[in-house]
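Notes follow the structure.
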């Protein structure tokens, strides 16, 4: 593939984990492609994938294009996500073919076999990812020769200090060589500052900018895609829900960590109490279908338990990004472990509760860290599973005007950060 334009436009690479299905990762590249459309961007991940059927892009392998010499002189923008702590093993597993990944037994068996054969595992990772790099979603001019500039839109890495020292040092070194680095939460920023990265925001600074502390790029979804979301809500599965459930619904999403019987029972009980009190239905959905995201068996299991408790509960089958945004935009509230479920809901001015995953240090997971950074005003909350009912009731009681004003303030903060990227990319 020849990605060079016949004009004098310098190539712009939009790079991220947009090569597998996850709400945030697919929205990042959609929003970036819209903002920098004049640069005719090239959408790249680690693997060649076609996600257009669910509202994503046709994605090219970054390292294959680089080996072909197609990216010489290009600017590369990391479009967002919790990429600073994603290891090669995790990245490769999340890119496994659906026929392997959909069955947990075959998925677990594949990973277990690779664990027993380290040499084969290394070769498998390199074949899957196109690179031997251990932290593959953090690119640099050294890893991708020929790049002109390397920039990071607001990204996350709350578990950076938990990486192996060599992996952490590699990430820090790549960030230090970048032209602009922006992060989306205070936890990540503090770790980068402790590692010696600067906080200057000028493109002329001698160390990259670790910001501003810019909100997550998906903060722009309500402004950028208002017409698209409205059109999607007027037809298809969300339109049917609006007709059938005039009192509204709670949009609920659970990662695979919440799928054990005891946790599901407790969450169903909490959701039932709130839904009954507020006369709402519960719509369960998946925010990511890639391995290690949301298990397809979880929504129907939750729905079954809620129905046993007398709640109108439904499994939302669509995984289209547009349908998911419409579902969240027209919900009464979001509750779930997906950061981007929360970001999309709050972008539309809705109350939202992020669930902290079992085993996470209290307040230190990516959802809790983001809420602590950008929702100190109480316009969204994070809590462990056993505090869901009370936290949901408090969220539903928040003032709609205050939520909308806070959403506008986050958009303004993000726009200031993106203007820094505009200046460097000009």
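Of these, 379, 398, which one is within 21 Å of the chain's Cα centre (by Cα) and farther than 24 Å from residue 77 by Cβ? Break it down stepwise before answering.
Values: 398 fails: within 21 Å of the chain's Cα centre (by Cα).
Every option except 379 fails the conditions.
So, of the residues in segment 175-202 that are touching a strand residue (DSSP E or B) at 6+ places or on another chain (Cβ under 8 Å) and part of a helix (DSSP H, G or I), which turns out to be nearest to residue 361 (Cα to Cα)?
Among those residues, the one meeting the criterion is 188.
Conditions tested, residue by residue: (1) surrounded by 15 or more Cβ atoms within 10 Å (Cβ to Cβ); (2) under 30 Å from residue 282 (Cα atoms); (3) at pLDDT below 95.
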site	(1), (2), (3)
238	yes, yes, no
243	no, yes, no
251	yes, yes, no
257	yes, yes, yes
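Of everything in segment 277-295, what is outside any loop (DSSP other than H, G, I, E, B) and surrounded by 22 or more Cβ atoms within 10 Å (Cβ to Cβ)? Give them in sequence order. Let's see the steps before the verdict.
Of all residues in segment 277-295, those outside any loop (DSSP other than H, G, I, E, B) come to 277-278, 281-284.
The answer is 282, 283, 284.
Give segment 52-81 a look and list any residue that's in contact with a helix residue (DSSP H, G or I) (Cβ under 7 Å, 6 or more places away or on another chain), assigned to a loop (DSSP other than H, G, I, E, B) and surrounded by 22 or more Cβ atoms within 10 Å (Cβ to Cβ), or say none. Quick ask: steps written out before the conclusion?
Here is the first cut: in segment 52-81, the residues in contact with a helix residue (DSSP H, G or I) (Cβ under 7 Å, 6 or more places away or on another chain) are 54-58, 71, 75, 77, 79-81.
Narrowing further to those that are assigned to a loop (DSSP other than H, G, I, E, B): 55-57, 71, 79-80.
If the condition is that a residue be in contact with a helix residue (DSSP H, G or I) (Cβ under 7 Å, 6 or more places away or on another chain), assigned to a loop (DSSP other than H, G, I, E, B) and surrounded by 22 or more Cβ atoms within 10 Å (Cβ to Cβ), then 56, 71, 79, 80 are the ones that fit.
Filtering segment 116-149 down to residues that are without any contact (Cβ under 8 Å) to a residue 60 or more places away in the chain and touching a strand residue (DSSP E or B) at 6+ places or on another chain (Cβ under 8 Å), which residue is surrounded by the most Cβ atoms within 10 Å (Cβ to Cβ)?
Once the filter is applied, the top-ranked residue is 140.
Among 328, 339, which is more than 25 Å from residue 161 (Cα to Cα) and in contact with a strand residue (DSSP E or B) (Cβ under 8 Å, 6 or more places away or on another chain)?
On inspection, the qualifying residue turns out to be 328.
Can you go through 425, 342, 388, 392 and tell me which one is surrounded by 21 or more Cβ atoms within 10 Å (Cβ to Cβ) and more than 16 Å from residue 328 (Cβ to Cβ)?
None of the others qualify; the one that does is 388.
Go over the candidates 84, 31, 26 one by one and state the one that is under 18 Å from the mean Cα position of the chain (by Cα), in contact (Cβ under 8 Å) with a residue 40 or more places away in the chain, under 16 Å from residue 150 (Cα atoms) and part of a helix (DSSP H, G or I).
Values: 31 fails: under 16 Å from residue 150 (Cα atoms); 26 fails: under 16 Å from residue 150 (Cα atoms).
Going through 84, 31, 26 in turn, just one is under 18 Å from the mean Cα position of the chain (by Cα), in contact (Cβ under 8 Å) with a residue 40 or more places away in the chain, under 16 Å from residue 150 (Cα atoms) and part of a helix (DSSP H, G or I): 84.
Could you please let me know if residue 217 is within 30 Å of residue 79 (Cβ to Cβ), touching a residue at least 24 places away in the same chain (Cβ under 8 Å) and in contact with a strand residue (DSSP E or B) (Cβ under 7 Å, 6 or more places away or on another chain)?
yes
Among (1) part of a helix (DSSP H, G or I); (2) surrounded by fewer than 21 Cβ atoms within 10 Å (Cβ to Cβ); (3) in contact with a helix residue (DSSP H, G or I) (Cβ under 6 Å, 6 or more places away or on another chain), which single condition is residue 274 missing?
(2)
When you go through 10, 4, 20, 105 one by one, which is the residue that is at pLDDT below 95 and crowded, with 24+ Cβ neighbours inside 10 Å?
20
Return a yes/no flag: does segment 297-307 have any residue that is over 22 Å from residue 56 (Cα atoms), modelled with pLDDT of 95 or more and assigned to a loop (DSSP other than H, G, I, E, B).
no
Could you say which residue among 315, 294, 323, 260 is under 28 Å from residue 20 (Cβ atoms) and without any contact (Cβ under 8 Å) to a residue 24 or more places away in the chain?
260
Looking at the structure I just gave you, is residue 314 over 21 Å from residue 371 (Cβ atoms) and modelled with pLDDT of 95 or more?
Numbers: over 21 Å from residue 371 (Cβ atoms): yes; modelled with pLDDT of 95 or more: yes.
So residue 314 passes the test.
Enumerate the pairs (first residue in segment 233-257 and assigned to a helix (DSSP H, G or I); second residue anywhere and modelled with pLDDT under 95) with beta-carbon separation below 6 Å, excluding pairs fewer than 6 apart on the same chain, so at least 6 apart or on different chains.
Sorted first by the residue in segment 233-257, then by its partner, the pairs are 256/295; 257/357; 257/358.
From the list 287, 275, 270, 251, which residue is within 15 Å of residue 305 (Cβ to Cβ) and touching a strand residue (DSSP E or B) at 6+ places or on another chain (Cβ under 7 Å)?
When all the criteria are applied, what remains is 275.
The values are calculated or read from the model by the stated rules, or taken from the named source; none is laboratory data. None of the values given here were measured: they were computed from a predicted structure. FYI the Cβ positions are ideal-geometry reconstructions off the backbone, even for glycines, and counts take in every protein chain you see.
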